[in-house]
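Here the structure is laid out as structure tokens; the discussion comes afterwards.
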Amino acid sequence: QVQLVESGGGLVQPGGSLRLSCAASGSTFEINAMGWYRRAPGKQRELVAAIASGGSTTYADSVKGRFAISTGNAKNTVYLQMNSLKPEDTAVYYCSAGKYYSGSYEFGTFWGQGTQVTVSS
């Protein structure tokens, strides 16, 4: 099992920034990729960004140029830097851990508890 603990959500005004953090522990040998999903009210969960252990990244079109995913000096930690936030970014953000192979990400087994991000004036 892999345990994921997120932090960093909150309320921010449009145009502001937030940074989300996610720390993985447990059987981390099972994973080689981490990602961030979000679920907005009334919408389906969507992949926001993901990063593989080799450094490959992917982003949803809606966040390209505004969000950046990275890994930290601490092993098995991933960050999501969110800039130029918009009201439509309001959602519960979930960290996930999974696999990356042959150019594809596979998530769905390990999830964090979620952290609320609200963008509002």
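Numbers below:
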{"item": "Reachable lysines from K43, criterion Cα separation under 18 angstrom, eight or more residues apart if same chain", "result": "K86"}
{"item": "Carbon plus sulfur fraction of accessible area for the chain, probe 1.4 Å, in percent", "result": "45"}
{"item": "Listed residues P87, T77, A33: farthest to the positive end of the dipole of the range 3-121 (Cβ charges)", "result": "P87"}
{"item": "Cα-centre dipole for the chain with unit charges at Cβ (Lys and Arg positive, Asp and Glu negative), debye to 20", "result": "120"}
{"item": "With DNA, RNA and ligands ignored, accessible area of Y59 (1.4 Å probe; Å², nearest 10)", "result": "60"}
{"item": "Solvent exposure of the chain as accessible area per residue, Å², 1.4 Å probe", "result": "52"}
{"item": "Charge sum, other residues only, whose C-beta stays under 15 Å from A40's C-beta, Lys/Arg counted +1 and Asp/Glu -1", "result": "+2"}
{"item": "Inter-probe distance in nm under a simple model that places probes 7 Å from Cα toward Cβ, at A40 and Q3", "result": "3.4"}
{"item": "Computed over the chain: relative contact order in percent, which uses C-alpha pairs under 8 Å that are six or more apart", "result": "36"}
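The values are calculated or read from the model by the stated rules, or taken from the named source; none is laboratory data. All of these numbers come straight from a predicted model, not from anything done at the bench. Methodologically, a virtual Cβ is constructed for each residue, glycine included, from the backbone with ideal geometry; neighbour enumeration extends over all protein chains shown. Accessible surface is based on the protein model in full, side chains and every heavy atom, while ligands, DNA and RNA are left aside. Shrake-Rupley method; radii C 1.70, N 1.55, O 1.52, S 1.80 Å.
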